[in-house]
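Here the structure is laid out as structure tokens; the discussion comes afterwards.
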Amino acid sequence: MEILDLRYFNAPISETPFELSSDISHCSICKKDSSPRLQLNGSIEIIYEGSEAIETVCLDCLNDRKYGFEHQVEGGFLTKDGILTESEQYEYLKNSDDYSLILEPKEQNLLKIEQAKVDDLAHTAPFNAFQGALWLVHCNDFMKFIGTWQHDDFVQHAPNGDPKEFFDNIVDNWNGDDFYDKQFGPNKSEHAGSVFYAFECLHCKQHRGYVE
Ligand SMILES: [Zn+2]
Ligand SMILES: [Zn+2]
């Protein structure tokens, strides 16, 4: 299991859309096929300075910063023009009752992140996610994606040995009482299809994550 180890990514390469397969054409930038590659299909946007059409990109060229990725991040978007907050993209969000309570603080945190860190994230591979990867933020920095978690991972990381309580403490988007038991626990439903994307803060080591 080959690991991709970057500032904002520490998980198997199989958690990214990059694959080492002879079915995928050579990289459009370096023309080689020696490194895992990704055939672009419109669901993932790259940031590229050159003018030629890019159909396939490789991990080596990403490491060499020959191109980057646009990413969705907590509070907004990392685009080729820099950070765009969610309410800059969707103006109507500012009219929402809880804008100043929920979204605005996230946007402010996002705008505090230094440009060098934004550049680092742009040169990080996305992780596979049903609705597209979303990078969480903590301590004025993006968090490191550390993989998708199952029950064993919650047991291993729970500070007091209670995986369910730990899940409830770190999950960003769910508070249902029996959600953990049904979706991740040892007696989970046979229809359980939820995925937990786990992150760790580079500074205070706090874990956070979200489910799809
Ligand atoms: Zn390449
Ligand atoms: Zn932190």
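Rule-based calculations on the coordinates, nothing more; no lab input. The structure displayed is predicted, hence computed values, not measured ones. Backbone-built Cβ (ideal geometry, glycine too); neighbour counts: all protein chains shown.
Here the extension length gained between Asp64 and Leu111 equals 14.3 nm, from 0.36 nm per residue of separation less the Cα-Cα distance.
Counting only trypsin sites (Lys or Arg not before Pro) that DSSP places in a loop and that have at most 11 other Cβ atoms within 10 Å, the longest clean stretch of the chain runs over 113-204.
Segment Lys31..Ile54, full-extension length gain: 7.2 nm, with 0.36 nm per residue of separation and the alpha-carbon distance subtracted. Modelled spin labels at Ile46 and Lys205, positioned 7 Å past Cα toward Cβ, are 3.8 nm from each other. Of the residues Gly147, Gly132, Gly42, the one that moves most in a GNM of the chain with alpha-carbon contacts below 10 Å is Gly42.
Across the options Gln156, Ile146, Leu202, the greatest Cα extent toward the positive end of the charge dipole of the stretch 140-212 (unit charges at beta carbon of Lys, Arg, Asp, Glu) belongs to Leu202. Rounded to the nearest 500, the 222 nm mean residue ellipticity of the chain from helices alone is -5000 deg cm²/dmol, with -39,500 (n - 2.57) taken per DSSP H run of at least 4 residues. For chymotrypsin sites (Phe, Trp or Tyr not before Pro), the sites in the stretch 72-127 that DSSP calls loop and that have at most 15 other Cβ atoms within 10 Å are Tyr90. As a length-normalised measure over Cα pairs under 8 Å and 6 or more apart, the relative contact order of the stretch 27-91 settles at 28 percent. If a paramagnetic tag sat 7 Å from the Cα of Ser194 along the Cα-Cβ line, which residues of the stretch 116-160 would have the backbone N under 18 Å from that point? Flagged as within label range: 129-132, 134, 147-158. Largest first, the extents of the alpha carbon coordinates of the stretch 1-129 on the three principal axes equal 52, 34, 25 Å.
Using the Cα coordinates of the stretch 140-212, the gyration tensor eigenvalues translate into equivalent-ellipsoid semi-axes of 21, 13, 11 Å, sorted from longest to shortest.
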